[in-house]
1. I want to verify a result. In a Gaussian network model of the chain, Cα cutoff 10 Å, which of these has the top mean-square fluctuation: Lys16, Lys164, Lys86?
2. Equivalent-ellipsoid semi-axes (√(5λ), Cα gyration tensor) for region 36-107, whole Å, largest first?
3. Find, among the GluC sites (Glu not before Pro) in region 17-126, those assigned to loop by DSSP (not H, G, I, E, B) with at most 15 other beta-carbon atoms within 10 angstrom.
4. Please order Ile138, Ile115 by the number of other Cβ within 10 Å, starting at the fewest.
5. Work out the charge dipole of the chain with +1 on the Cβ of Lys and Arg and -1 on the Cβ of Asp and Glu about the Cα centre, then indicate which of Pro21, Phe175, Pro34 is farthest towards its positive end.
6. About its Cα centre, what dipole magnitude does region 4-169 give when the only charges are +1 on Lys and Arg Cβ and -1 on Asp and Glu Cβ, stated in debye to the nearest 20?
7. If the limit is 31 Å between Cα atoms, which of Lys41/Lys157; Lys57/Lys169; Lys16/Lys141; Lys57/Lys86; Lys56/Lys153; Lys86/Lys153 go over it?
8. Decide, for the chain, between rounded, prolate and oblate: order the square roots of the alpha carbon gyration tensor eigenvalues as a ≥ b ≥ c, take rounded if a/c falls under 1.5, and otherwise choose prolate if a/b is larger than b/c, else oblate.
Amino acid sequence: MESLSELMHRRRSHRKYSSEPLTEEQVRQLMQAPLMAPSSKRCTPWEFVLVSDEEKKNALGLSRAANSAFAAQAALVVVVTADTEKTDTWIEDASIAASYLQLQAEEMGLGSCWIHLRNRFTADGEATESYVRRMLGIPEKFGIVCMIAIGEKVEEKRPFDDEKLQWDKLHINQF
Ligand SMILES: Cc1cc2nc3c(=O)[nH]c(=O)nc-3n(C[C@H](O)[C@H](O)[C@H](O)COP(=O)(O)O)c2cc1C
């Protein structure tokens, strides 16, 4: 098994996928990761909507005026939501779970990409969050943090180049 460091080097955003569907076993293995993610006081506020239905994926692809169309080609779109009434750390908790999911996808050789929703709009000017909520019947008290598009990669990407590590972002003892 490759190390976590190797995995983090190799993970890149993939926005092109083959038409191969994921198996039930792949989906199960994928979803174990976010369900293991840490959350504040272990309150596990997240809930995930797994979308593989073609019509719904097409609709999610239209959820933003730009930068979301590739969702329609993904084998699976995982919509990451969290119960805003459970904790004020729901965005952090859900973001960590989404990152775990992306790393798990990479470990399985799958491509994935984060699609942002908050403060984004459809081509018709509807808030992306309310559009996705309406499409998938997500209750109001659940905040929608992101969608993670996942599918079989059609290309390899160059892993992260250590030359690009921004060491100047580190401040020792004082900013
Ligand atoms: C909070 C967040 C929001 C993002 N939103 C989008 C998005 O809406 N659409 C998209 O194509 N990529 C999105 N991305 C992916 C980034 O563009 C990508 O991670 C970044 O360009 C670095 O490339 P890499 O993932 O290949 O290393 C998002 C990533 C993060 C962490």
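FYI, it's all coordinate maths here, none of it is from the lab. Note that the structure is predicted; figures quoted are calculated from it, not measured. Heads up, the Cβs are rebuilt from the backbone with ideal geometry, glycines too, and the neighbour counts pull from every protein chain shown.
1. Judging by the Gaussian network model, the answer is Lys164.
2. Equivalent ellipsoid of region 36-107: 25, 14, 10 Å, largest first.
3. Glu85, Glu126
4. Neighbour counts put them in this order, fewest first: Ile138, Ile115.
5. Phe175
6. 260
7. Lys41/Lys157; Lys57/Lys169; Lys16/Lys141; Lys86/Lys153
8. Cα axes put the chain in the rounded bin.
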